[in-house]
Ligand SMILES: [Zn+2]
């Protein structure tokens, strides 16, 4: 795996009509984890998120709230900032589709497609779901209703501009065949290929019935279809088509990491893009978006990763059922890392997933409180007691069975970095976390076997005590670094207790013997408090 090539990681632009829920947080936490991991590998990363602010749905919501669409969007966007700050999401750029440079890029793309012969005027008769901001045909509907919202679509009839999507059926099939990893996981790619093989219809890409959008450059009666507008953000944020640098003035204050200001950001980051999306918007992010790009003479992004949806305790998550999981509630109650860990382990990366409180508590207690937290706490307490908190020099065990278990730990530690790289490359963040937790489990078993607390009582076993404590210090150091992307708060707290910094390239840190003998650690403190099930409102089974 080449960790030198740039990677441009994006979330969808979230629509400013509603409060963000666990689904939005899931996509964003996946993206943040990828961004943190690759940055820690030393790879050039640009992480973009933002807000989608145009369209009929926003116009309606703003009117209902008695305000202008822009003022309405400003209020909601503020909440997005607050949520991502509270969850410590380290995006580089936050783009808004109402940004001027973005609107200019949309207009230019449209003009380029017209000049390429891909835009025509026609009568538009369609079934339109305002909630989806998407057209349906009769056969897409379920009992005459939107398959996602179960509402009756609007019958729309107007003269509009159409994009000749039908011309892209074969180019898209060719592109996917030549780049089998361009849509992951595989069932999602098969789904898109299946639909492409049925053929594509031209789509209407302007509206005249409302004006909250990007006006068409040559016919101001029309505004650009909201999806068509929003998708362009992925390249407008790079200064496409002709900016000499990222539009830093426009996004000042919304950039967190001093993002790459190379002379030609579009050429630098595109097409090395990975779009993370929910499965419901995969069609827009592949078929629609890639056709726009191909028509404008640009390459499609390298990859689109589509995840599934959360259910809650076996039910669909919905406002009506009152079971919507709010990310801030979970993070506020259990901590950001607990929220993040549950999403990474149990989340819908491969298919749909079920948010169950009992699973949340069980996994937290076993992996974080009893596993990781306990290991760190007891190893640092013993180091304080037996070595004054100072890392001893490496030595082998006298006892052969213990030496075998030490060598096994060394082998696991030295295999961890390539395992993490492979798992993250495959978007398998669950497997990446599991690799770290396996090290925790093996090390806790090592502590139980070696029993330093017994060795300390026998002066004849001084060497074995030293061998065991040196090994534990090395594992603690490796865990700190291995967790930087997955449990960032815990990584910082482990670093503080070890008296180190959670920085440096992962390849140099996730290896044996990187914490030098003679290094003095700091005071240990508990990392994760156990969650007591009875506190969750369930009757305690204890007598
Ligand atoms: Zn719908």
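Any read-out appearing in this document is the output of simple, stated calculations on the displayed coordinates, not a laboratory observation. Note that the structure is predicted; figures quoted are calculated from it, not measured. Glycine gets a Cβ as well: all are built from the backbone with ideal geometry, and neighbour counts include every protein chain shown.
Some points to look at:
- Residue in segment 222-238 that is in a loop (DSSP other than H, G, I, E, B), more than 16 Å from the ligand (Cβ to nearest atom) and touching a strand residue (DSSP E or B) at 6+ places or on another chain (Cβ under 7 Å) present: yes
- Matching residues, segment 144-164, being away from the ligand (no atom under 16 Å from the Cβ) and either within 30 Å of the chain's Cα centre (by Cα) or exposed (fewer than 13 other Cβ atoms within 10 Å of the Cβ) (or both): 157
- Filtered residues of segment 396-417 (kept if closer than 17 Å to residue 506 by Cβ, free of Cβ contacts under 8 Å to residues at least 40 places away in the same chain and surrounded by fewer than 16 Cβ atoms within 10 Å (Cβ to Cβ)): 415
- For segment 117-131, filtered to residues that are within 15 Å of the ligand (Cβ to nearest atom) and without any contact (Cβ under 8 Å) to a residue 60 or more places away in the chain, the residue that is farthest from residue 17 (Cα to Cα) is 127.
- Number of the condition not met by residue 427 [criteria: (1) on the phi < 0 side of the Ramachandran plot; (2) touching a strand residue (DSSP E or B) at 6+ places or on another chain (Cβ under 7 Å)]: (1)
- Residues of segment 132-143 classified as under 32 Å from the mean Cα position of the chain (by Cα) and more than 14 Å from the ligand (Cβ to nearest atom), total: 0
- Taking segment 134-178 as the range and being more than 30 Å from residue 219 (Cα to Cα), touching a residue at least 60 places away in the same chain (Cβ under 8 Å) and touching a strand residue (DSSP E or B) at 6+ places or on another chain (Cβ under 9 Å) as the test, only 148 passes.
- Positions within segment 20-54 being surrounded by fewer than 24 Cβ atoms within 10 Å (Cβ to Cβ) and part of a loop (DSSP other than H, G, I, E, B), in sequence order: 20, 21, 41, 42, 43, 44
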